[in-house]
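Here the structure is laid out as structure tokens; the discussion comes afterwards.
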Amino acid sequence: MTQDAISFSEAGQTFRTDSGPLTALSGVDLSIARHEFVAVLGPSGCGKSTLLRMTAGLIKPTEGMVSVFGLPVTEPRDDIGIVFQQATLLPWASVEDNVVFPAKHKRGRVSRQDRDHARQIIATCGLAGFEKRLPGELSGGMQQRVGIARALFLNPDILLMDEPFSALDALTRDAMGFELLRLWQASPKTVLFITHSIPEAVILADRVVVMSERPGRVIANLKVPLSRPRDESSLRSTEMQEFMGHLRGLLIKDKVA
Amino acid sequence: MSAEADISVSEQKDTATTKVPVAPSEPFMEKLIRLPVVLPLLTFVLILVVWEAGTRLFAVPSYILPAPSRILGGFEVVSLSRWVEHVWSTLRVALMGFVLAIVVSLPIAVGLAKSRFLSRSLYPLLVVIQSVPVVAVAPIIIVVLGTDDAPRVVITFMITFFPLVVSMTTGLMATPPELIELSRSLRAPVWREISQIRLPYATPYIFSGLKISITLSVIGAVVAEFVAAEKGIGYFIQFSTSMFKLPQAWAGLVVLLVMSLVLFQAVSLTQKILFPWSLPKERK
Ligand SMILES: Nc1ncnc2c1ncn2[C@@H]1O[C@H](COP(=O)(O)OP(=O)(O)O)[C@@H](O)[C@H]1O
Ligand SMILES: [Mg+2]
């Protein structure tokens, strides 16, 4: 029996705010297989980040359940790495120190193996030669590579990415997408990838999940009709154009309704 | 190509060695003026000259405004070892008050930043304490704590600690929430979240607080000496003024000024050497 890496069943989240309860998510049903790459599309404020934080164990669902590898999520797990919208690196620490930070922060010390491991990941992420640089000396794209390297440091099985490339310029963004695919193919992981961009979702993911306006729920869950490996030309076919048009329609229809 | 480059370099060298000694070229003067110290120094000298000339020209009595030369004379009234004693007395109190303020405000700031309950209950209380005019409380503190360093250190502490608490708390809360989530996702202990993320992030804020507080600490020490002391620059100024020896009071003032500036620079330098990344990026 194949076990889902992540599964939401009737999961929902209602925040208590000063102006009364606010339901960010409600009745979310979704399962993600191990090593599957799933992109989540949805209007801002529909609860995408909330979905991700529930998966990470940072907040508990107020209704339903979120499970990872068959177990309900009650607290953060070691096998989940997170990449944020902004790289949010430590500005005083070198690239290498930023990448080993999970070890330093979790265990309080950094071993030789940790450093070797970090340098290896830094190289895989295309940052060789930048180990001693400070984040302030790097471009936005490079900083986000460090952010990804840091998330990969503890060798997680699940990678949660919250609009990781949306702060980058268009060209860097495309390049980073393919870079991510390369990393994912070299070392398969379960990826939950949140984005605003339809082309980005389609070129990267096995499956695209579309969410409604708040309170967010899943309104479409579609397999991307595209084989791998993919490249820049993959989206040019009529079939892909139609698929993206369909996704756009779902997002817009929800906005108008 | 390389030959051409060589020629142009030697030409430049030639013009440099021949022209500069004869008549300093414009760029050199401009560079000199643009050095950060030169312009303020020139202004300062100019003020001194006008001051000296003005007081002599209009025969201003020295108890109203002594000429700079008279103030200089005021330094000689007291022996060097006595000056050192006065300076050390004030400096010691200022530094002890400053350190006490750091030690006390750090845990308070951590508490305020981490706990909603504390920030709601303790912060208003701190504002009330801060609003009490320390000069008015000083005599009471002296009566309660006696006449040695202790009351003066406490008075200095009271003047210094509030800006520190505010800047530290602001700094500790300035950490990007993503990093706090990263810390939680790693299930790291809270004290490591503070020491490895929040405190370093607060460094620029802490140092702007330290720079304000170090100057305040000198003020605190002097205020304390005004109330009760038999040593220290504040005491010396008050004593001199009461004897109508104004040039020597002004000399004391100059010493205080230098002390404040040196302490401020020491804090700035500490930041520059130990935490260069925390300085604002230089704009060009
Ligand atoms: N901790 C919180 N407390 C109160 N409201 C929150 C909190 N986190 C998110 N929200 C609200 O929940 C809604 C969904 O937020 P979020 O998941 O960040 O949306 P998205 O990532 O899709 O833009 C928003 O309206 C947001 O204001
Ligand atoms: Mg979001």
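The values are calculated or read from the model by the stated rules, or taken from the named source; none is laboratory data. Predicted, not measured: the structure shown is a model, and the values here were computed from it. Just the protein is used for accessible areas: all its heavy atoms, side chains included, with ligands, DNA and RNA removed. Shrake-Rupley method; radii C 1.70, N 1.55, O 1.52, S 1.80 Å.
Computed across the stretch B:134-265, the Kirkwood hydrodynamic radius from all distinct Cα-Cα pairs reaches 17.2 Å. Counting only protein heavy atoms and using a 1.4 Å probe, the accessible area of A:M176 comes to about 10 Å². Accessible area per residue (1.4 Å probe, heavy atoms of protein chains only) ranks A:D169, A:D162 as A:D169, A:D162, with the largest value leading.
I want to verify the translational diffusion coefficient of the stretch A:53-192 in µm²/s; compute it with Stokes-Einstein, Rh as the Kirkwood radius over Cα pairs, at 20 °C and 1.002 mPa s. The diffusion coefficient I find is 137 µm²/s. Comparing Cα centroids, the stretch B:111-148 and the stretch B:39-75 end up 41 angstrom apart.
The stretch between B:Q130 and B:T241 holds 37.0 nm of extra length on full extension. This uses 0.36 nm per residue minus the Cα-Cα distance.
For the set A:R145, A:R53, B:R120, A:R217, the ranking by accessible area, highest first and with no ligand, DNA or RNA atoms included, is B:R120, A:R217, A:R53, A:R145 under a 1.4 Å probe. For chain A, the Cα gyration tensor yields ellipsoid semi-axes of 30, 23, 17 Å (square root of five times each eigenvalue, largest first, whole Å). Rounded to two decimals, the Cα radius of gyration of chain B over 2.2 N^0.38 Å is 1.38.
Scalar couplings 3J(HN,Hα) for the stretch B:184-199, obtained by applying the Karplus form with A = 6.51, B = -1.76, C = 1.60 to θ = phi - 60°, are 5, 5, 8, 6, 7, x, 4, 5, 7, 4, 6, 6, 9, 10, 5, 5 Hz; x denotes Gly and Pro. Size estimate for the protein assembly as shown follows the Kirkwood approach: the inverse of mean 1/r over distinct Cα pairs works out to 29.0 Å. Amide H contacts of A:L41 (H built 1.01 Å from N, in plane; Pro and chain starts excluded): A:V209, A:V210, A:M211 sit under 5 Å, all sequence-distant by 5 or more or on other chains.
Tell me the Kirkwood hydrodynamic radius of the stretch A:31-126 in angstroms, computed as one over the mean inverse distance between distinct C-alpha pairs. Across the stretch A:31-126, the inverse of the average 1/r is 15.9 Å. Listed by chain and number, the aspartates and glutamates whose alpha-carbon sits under 20 Å from that of A:K60, ignoring those within fewer than 8 places in the same chain, are A:D4, A:E10, A:D18, A:D29, A:E75, A:D78, A:D79, A:D162, B:E178, B:E181. Our summary gives the stretch A:139-219 a relative contact order of 29 percent, counting only alpha carbon pairs under 8 angstrom and 6 or more residues apart. Expressed in units of 2.2 N^0.38 Å, where N is the residue count, the Cα radius of gyration of the stretch A:152-257 is 1.11.
Most fluctuating residue of B:V154, B:V227, B:V137 in a GNM of chain B with Cα springs under 10 Å: which is it? Taking springs between Cα atoms under 10 Å, the residue moving most is B:V137. Residue-wise HN-Hα couplings along the stretch B:229-235, as the Karplus relation 6.51 cos²θ - 1.76 cosθ + 1.60 with θ = phi - 60° gives them from phi, are 5, 10, 7, x, 5, x, 4 Hz; Gly and Pro carry x. Not counting ligands, DNA or RNA, and with a 1.4 Å probe, what is A:R133's accessible surface area in Å² rounded to the nearest 10? Rounded to the nearest 10, that gives 100 Å². Here the relative contact order of chain B, from alpha carbon pairs under 8 Å that lie six or more residues apart, stands at 23 percent.
In this structure, the residue pairs whose Cα-Cα separation is over 30 Å, taken from A:K104/A:K223; A:K132/B:K272; A:K106/A:K132; B:K114/B:K272, are A:K104/A:K223. Per the Cα gyration tensor, the stretch A:91-155 maps to an equivalent ellipsoid with semi-axes of 18, 12, 10 Å, ordered largest to smallest. Ranked by solvent-accessible area (1.4 Å probe, protein heavy atoms only, all chains present), the residues B:I129, A:I203, B:I140 order from largest to smallest as B:I140, B:I129, A:I203.
The mean sequence distance of close C-alpha pairs (under 8 Å, at least 6 residues apart), as a share of the length of chain A, puts its relative contact order at 25 percent. Per residue, the convex hull around the alpha carbon atoms of the stretch B:25-175 comes to 224 Å³. The solvent-accessible area of A:E239, taken with every protein chain present and a 1.4 Å probe, is close to 110 Å².
Taking a straight line from the alpha carbon of B:K231, these aspartates and glutamates sit under 20 Å away, with near neighbours fewer than eight places off in the same chain left out: B:E76, B:E85, B:D148, B:D149. Centre-to-centre, using Cα atoms only, the stretch B:177-221 and the stretch B:224-284 are separated by 27 Å.
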